[in-house]
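J.: The structure that follows is given in the form of structure tokens.
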Amino acid sequence: MSAVAIEGVWKFFGDYPALRDVSFGVDSGACLALLGRNGAGKTTLLRILAGLSRTSKGRITVLNEDARAEITRRRIGVLGHGIGVYEELSALENLLLFARLYGMENPDRTANEWLARTGLERVRDGLVREFSRGMRQRLAVARAFLHQPKLLLLDEPFTALDDRAIKVLQDLLKGALADGSTIIMSTHQLREALELATDVALINRGKLAFRGARTREMLEDPSWLYRNYGEA
Amino acid sequence: MKFLRQVFAITAKDLRSEVRSKDTVNASLSFALVILLLFSFAFDPSSDQIREIAGGLLWLVFAFAGTLILNRSFARELVNDCLDALIASPVSGAQLYLGKCIANYALLLIVETVCLPVFAVFYNVRLPRSLVLLFVVMLLGTWGITVIGTLFSAMTVNLRLRELMLPTLIYPMLIPALMGAIQLSTVLIAGDPVGADNEIWFRVLVAFDLIFTILAVGLVEIVLVG
């Protein structure tokens, strides 16, 4: 069953086409590494899938619904470039806010559970503005995962993470895959991404240059894809 | 109920952030008090002229100070890309907008409530016996400023010159609401009864608030996502 279907998608910023006729699908339970150079269109595509932006042309179906449908957003977890948590709120208040927005039945229990899972229970009442970078990142991970999403959209998830946050995120991603969730992540850290990925898509200047299963040779030589399908 | 719970979650978040940082209310209140002080030098507080322009002065201060609060409303969401996290959540644009409107409304009313007695002292104006009626005008006029200002705050959030763009865009839109609020406030501060000829301004204020609330709720999803 397809978790994401992208059909003939174009996205223009003014006259500039950031995405050009991109079409592919992602099966449920797959982990897709979305690769490409800077400016290739990875973030634009992820933003459209997350319902943060609309296509200029073409059609996108996410979990068999429109990307902006409420039921779809309830089942998507997004971790973008920004951490998406409030500086003036405590760690607990941040997670409580998002637990309420996602309509969790027991926001207090959910928030405290995720503070424990990300090792932040000791600082639950501390304001985020006083947190270290690593603590903020772990809180962001908790924010993206707390409603147990069926589809995870991660934009450069390993960038600027400290060792502990990388471990937390990798464990959560493996757990999510084991639970049958689908993951789409854009990344420049090929080795970490390809270790987890079951599928690979390469975008080059807004066009889909490669789409297929992750193979052993990609894992042994992560730059193989760029050499064969990317820009010189 | 779920709709309102999520709206109030946004409101509570904004108010809690403001209580902790105090940056918006402090800036807005200081600005309002400085304008009141400066205007008091420009006009003779003992003259009858002051009673004729009292409503205008008051609402000019409210509108100027209000834009400082409204400007920050969506801009504060840019830190850490919180706006994306909110838009990606199952909260509709209407819920996000209404949650922010209520928070902005509360902050604006706090600033206005502090300014009102200061205005009375600086301008030697006796607050009217029908103070309740003046508060009703403040509630209606302020909601008008809030609904327009919050929508345009969302529209201009990604603009480099948003501090300039927001007042430039909202003041012309606010003319009917400000005219109504100014007219009624002037009459009430002068201690005159609100006659049949001024009742029309109440209707203008109510109609303005209703029409623009409905329009904004309908349009905000397009403003936020495109």
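J.: If you look for lysine pairs in the protein assembly as shown that are eight or more places apart or on different chains, how many of them have Cα atoms under 25 Å apart?
T.: 17
J.: Taking the Cα centre of the protein assembly as shown as the origin and placing charges on Cβ (Lys, Arg +1; Asp, Glu -1), which of A:V128, A:A50, B:S47 is farthest toward the positive end of the dipole?
T.: After comparing all options, I get A:A50.
J.: Along the positive direction of the dipole of chain B (beta-carbon charges: Lys, Arg +1; Asp, Glu -1; about the Cα centre), which of B:S130, B:L159, B:S21 reaches farthest?
T.: B:S21
J.: Sort out for me the Cα centre separation of the stretch A:1-65 from the stretch B:72-104, rounded to whole Å.
T.: With the stretch A:1-65 and the stretch B:72-104 each reduced to a Cα centre, they are spaced 24 Å.
J.: While we're looking at this one, here's another question. On full extension of the chain, what length is gained from B:A207 through B:K22, given 0.36 nm per residue of separation minus the C-alpha to C-alpha distance?
T.: Extra length available between B:A207 and B:K22 comes to 63.3 nm.
J.: For the stretch B:2-225, report the translational diffusion coefficient in µm²/s to the nearest whole number, using Stokes-Einstein at 37 °C, 0.692 mPa s, and a Kirkwood Rh over Cα pairs.
T.: Approximately 182 µm²/s, per Stokes-Einstein.
J.: Just to be sure I understand the rule: take each whole DSSP H helix in chain B, project its Cα atoms onto its long axis, keep it if the span is 30 Å or more and its mean Kyte-Doolittle hydropathy is at least -0.5. Which ones pass?
T.: B:49-75, B:93-122, B:131-155, B:162-189, B:196-225
J.: So for chain B, averaging the separation of alpha carbon pairs under 8 Å that are six or more residues apart and normalising by length, what relative contact order in percent results?
T.: 29
J.: So, one more: At a threshold of 8 angstrom on Cα-Cα distance, excluding pairs fewer than six apart, so keeping six or more, what relative contact order does the stretch B:1-84 reach in percent?
T.: Normalised by residue count, the contact order of the stretch B:1-84 is 34 percent.
J.: With equal scatterers on the alpha carbons only and no solvent term, can you work out the Debye log10 of I(q)/I(0) for the stretch A:1-58 at 0.16 1/Å?
T.: Result of the Debye calculation: -0.49.
J.: A:A30's amide H: which non-local residues (gap 5+, or another chain) put their own amide H closer than 5 Å, with H modeled 1.01 Å from N in plane and none for Pro or chain starts?
T.: Under 5 Å from the amide H of A:A30 lie the amide H atoms of A:I183, each far enough along the sequence or on another chain.
J.: For chain A, what is the charge dipole size about the Cα centre, in debye to the nearest 20, if Lys and Arg each add +1 at the Cβ and Asp and Glu each add -1 at the Cβ?
T.: About 420 debye.
J.: Among A:G175, A:N204, A:L146, whose Cα projects farthest towards the positive end of the dipole of the stretch A:107-232, with charges put on the beta-carbon of Lys, Arg (+1) and Asp, Glu (-1)?
T.: Checked the options; the winner is A:L146.
J.: If you rank A:H81, A:H147 by fewest surrounding Cβ atoms within 10 Å, what's the result?
T.: Fewest-to-most ranking of A:H81, A:H147: A:H81, A:H147.
J.: In peptide A:100-106, how many Cβ atoms from other protein chains are near each Cβ within 10 Å, on average?
T.: 5
J.: Between the stretch B:112-179 and the stretch A:116-151, how many Å separate their Cα centres?
T.: 38
J.: Hey, another quick one. For B:S130, A:S53, B:S153, what ranking results if the residue with the fewest other Cβ atoms within 10 Å of its Cβ goes first?
T.: Taking fewest neighbouring Cβ atoms as first place, the list is B:S130, A:S53, B:S153.
J.: May I pose another question? Let's see if you can work this out: charge +1 on each Lys and Arg Cβ, -1 on each Asp and Glu Cβ, no other charges. What is the dipole magnitude of the protein assembly as shown about its Cα centre, in debye to the nearest 20?
T.: Roughly 780 debye, rounded to the nearest 20.
J.: With the calculation restricted to Cα positions, what are the radius of gyration and Dmax of the stretch A:111-167 in angstrom?
T.: That works out to 11.3, 32 Å for Rg and Dmax.
J.: Moving on. Find the Rg to Rh ratio for chain A, where Rh is the Kirkwood radius over alpha-carbon pairs and Rg uses the same atoms.
T.: Radius of gyration over Kirkwood radius for chain A works out to 0.97.
J.: Using R₀ = 60 Å, calculate the FRET efficiency as 1/(1 + (r/R₀)^6) where r is the Cβ-Cβ separation of A:K174 and B:L161; round to 0.05.
T.: In this case the efficiency is close to 0.85.
J.: For A:A18, what residues show an amide H to amide H distance below 5 Å, using hydrogens built from the backbone and excluding near sequence neighbours?
T.: Those lying under 5 Å, H to H, from A:A18 are A:K11, A:F12, A:F13.
J.: Based on DSSP H assignment, which helices of chain A show an axial Cα extent of at least 30 Å together with a mean Kyte-Doolittle hydropathy greater than or equal to 1.6?
T.: Span-like helices, by this rule, are absent here.
J.: Using the Cα gyration tensor of the stretch B:69-111, with a ≥ b ≥ c the square roots of its eigenvalues, what is the shape: rounded (a/c below 1.5), prolate (a/b larger than b/c) or oblate (neither)?
T.: It comes out oblate by the Cα gyration axes.
J.: With runs of 4+ DSSP H residues as the only contributors, calculate the mean residue ellipticity of the protein assembly as shown at 222 nm using -39,500 (n - 2.57) per run, divided by the residue total and rounded to the nearest 500.
T.: The helix contribution divided over the protein assembly as shown gives -19500 deg cm²/dmol.
J.: Taking 8 Å as the Cα distance limit and 6 or more residues as the minimum spacing, I'd like the relative contact order of chain A as a percentage.
T.: Computed value for chain A: 27 percent relative contact order.
J.: By how many nm would the segment from B:V194 to B:M1 grow when fully extended, if each residue of separation counts as 0.36 nm and the alpha-carbon distance is taken off?
T.: Length gained, B:V194 through B:M1: 65.6 nm.
Bear in mind these aren't lab numbers, they're just calculated from the coordinates by the rules spelled out. Keep in mind that this is a model prediction, so the values were computed, not measured. In this analysis, Cβ positions are derived from the backbone assuming ideal geometry, glycine residues included, and neighbour counts consider all displayed protein chains.
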